[in-house]
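S.K.: Quick one: structure below, then a few questions.
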Amino acid sequence: AKAQGKACYEIFDPSMHTKAVTLLQLESDLRRATERQDLMIHYQPIVSLSSGEIAGFEALLRWHHPERGWVKPGELIPVAEDTGLILPIGYWVLREACRQLKIWQEQFATEPPLTVSVNLSGKQFKEANLLGQIQHIITETQINPKTLKLEITESVIVENAEAAAKTLSELRAMGVQIYIDDFGTGYSSLGYLHRFPLDALKIDRSFIINMCNETESAEIVQTIINLAQNLQIYIVAEGVETQQQWEQLRKIDSTGGYGQGYYFSHPLSGAEVEQLLAEEVQW
Ligand code: C2E
Ligand code: CA
Ligand code: CA
Ligand code: CA
């Protein structure tokens, strides 16, 4: 016990205490923000690789903290996950994104209709009432469920494959689309994929960044495209930042897929999205 005490003393790091206090403060602020509706959603365009037109948007959570300014999702989501706040926040994001989508679909009658992609956290995905909530939101907002895309990471699915397969099948039966987020960074046991009803693989940004200057990344991107083609699903290339990446992706994609990244646009406010859609931009 004495040795353990000493070890504890040695690893005690005052910055860890500061960090814990900051997290606690962040949690109570986040709780208040949720109540006061200080959260908002920004939307990042997703562009069709074949037409170069905007096909839809990914909904990304934003929080403007009264003192700290913009708190990034990378910091906010873990706190929301640990405290369970992710459930009410996640529900709000889904509902708000669908409500906004319906308005844009009516305002800009594109063919095919605009879509919205919403991130589902592991906790949300495992929540018993997930299907009921999504059904409720679809009924309430009157969106076509095919225009809602749910993004789930590989790890959430692999963690409990059997339960995940069941939930995914039920979601699919409701008509919503299932996208695998950050694909290629997780379990890379590709054999299981055909067991899940999927609509697309989102190729992680880390592979797109280097695809034009590193053969290994280029090969991984090509392999994921081949895999998606075999499964008869789409790819979405995340983190497209340069014209060279965009042109290369258009050349090699055989799935009728999409690109997303700063090359097209940063995530935008609702008003900015409306401006962009009105311009009928094309890349
Ligand atoms: P993600 O789902 O992989 O979302 C894409 C992230 O990449 C976004 O960061 C986006 O701003 C950023 N990004 C887009 N294009 C580029 C690019 O060309 N280059 C670079 N370097 N980055 C790019 P963001 O908004 O900070 O979100 C971070 C993560 O937080 C998301 O990663 C997602 O996992 C999570 N997240 C965001 N909103 C929600 C939400 O409503 N619910 C849940 N559960 N998670 C969310
Ligand atoms: Ca995502
Ligand atoms: Ca991603
Ligand atoms: Ca991510």
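Here, each number is a calculation from the coordinates, and none is a lab measurement. On a predicted model such as this, the values are computed, not experimentally measured, just so you know. Cβ placement follows ideal geometry from the backbone for every residue including glycine, while neighbour counts extend to all protein chains displayed.
S.K.: Most mobile of Ile138, Ile235, Ile46 per a Gaussian network model of the chain (Cα springs, under 10 Å)?
M.R.: Ile138
S.K.: Between the stretch 138-159 and the stretch 77-137, what is the separation of their alpha carbon centroids in Å?
M.R.: Distance between centres, Cα-based: 7 Å.
S.K.: Here is a follow-up. If amide H atoms are built 1.01 Å from N in the plane of the peptide, which residues on other chains or at least 5 residues away come under 5 Å of the amide H of Leu49?
M.R.: Gly257, Tyr258, Gly259
S.K.: Under a crude label model (7 Å from the Cα following the beta-carbon direction), how far is Glu241 from Arg195 in nanometres?
M.R.: It works out to 3.7 nm between the two label points.
S.K.: Mind checking the angle between helix 86-107 and the chain's longest principal axis? C-alpha axes, 0 to 90 degrees, to the nearest 10.
M.R.: 20 degrees
S.K.: Tell me, what ³J(HN,Hα) does each residue in the stretch 242-257 have, in order and in whole Hz, if you take phi through Karplus 6.51 cos²θ - 1.76 cosθ + 1.60 with θ = phi - 60° and put x for Gly and Pro?
M.R.: With the stated coefficients, the stretch 242-257 comes to 10, 4, 4, 5, 4, 5, 4, 4, 4, 5, 9, 6, 10, 9, x, x Hz.
S.K.: Only residues of the stretch 70-92 count here: report those whose backbone N is under 13 Å from the spot 7 Å along Cα→Cβ of Gln133, or say none.
M.R.: 81, 84-92
S.K.: Taking amide H positions as placed in the peptide plane 1.01 Å from N, state which residues far from Leu268 in sequence (5 or more) or on other chains have amide H under 5 Å from it.
M.R.: Result for Leu268 returns Tyr43, Gln44.
S.K.: Right, something else. Nearest 10 degrees, 0 to 90: what angle lies between the long axis of helix 73-83 and the longest principal axis of the chain (Cα atoms)?
M.R.: Taking Cα atoms only, the helix is inclined about 60 degrees.
S.K.: While we're here: Provide the packing ranking of 126-132, 92-98, i.e. peptides ordered by the mean count of other C-beta atoms within 10 Å per residue, highest first. Present the calculation step by step, with values, prior to reporting the outcome.
M.R.: Working: 126-132: 13.6, 92-98: 20.9.
So the order, starting with the most tightly packed, is 92-98, 126-132.
S.K.: Something else about it: Convert each backbone phi in the stretch 60-70 into a coupling constant with the Karplus relation 6.51 cos²θ - 1.76 cosθ + 1.60 (shift: θ = phi - 60°), then list the ³J(HN,Hα) values in order as whole Hz, x for Gly and Pro.
M.R.: Each residue of the stretch 60-70 in turn: 10, 5, 10, 9, 9, 7, x, 10, 8, x, 6 Hz.
S.K.: Here is a follow-up. Rounded to the nearest 20 debye, what is the charge dipole size of the stretch 31-136 about its Cα centre when +1 sits on each Lys and Arg Cβ and -1 on each Asp and Glu Cβ?
M.R.: Here the stretch 31-136 has a charge dipole of around 280 debye.
S.K.: Between Pro73, Pro45, Pro197, which gets the highest mean-square fluctuation from a Gaussian network model of the chain, Cα cutoff 10 Å?
M.R.: In this elastic network of the chain, the residue with the biggest mean-square fluctuation among Pro73, Pro45, Pro197 is Pro73.
S.K.: Label points 7 Å out from Cα along the Cβ direction at Glu67 and Gln282: separation in nm?
M.R.: Reported label-point gap for Glu67 and Gln282 is 5.2 nm.
S.K.: For every other residue with a beta carbon closer than 9 angstrom to the beta carbon of Gly261, add +1 if it is Lys or Arg and -1 if Asp or Glu, then tell me the sum.
M.R.: Neighbour charge sum, excluding Gly261 itself: -1.
S.K.: Out of residues 5 or more away from Ala200 or on other chains, whose amide H comes under 5 Å of its own, with H placed 1.01 Å from N in the peptide plane?
M.R.: Excluding prolines and chain starts, which carry no amide H, the hits are Ile178, Ile180, Tyr234.
S.K.: Related question: Hey, fewest Cβ within 10 Å first, where do Thr167, Thr110 land in order? Could you put the intermediate results ahead of the total?
M.R.: Details: Thr167 20, Thr110 15.
Going from least to most buried by this count: Thr110, Thr167.
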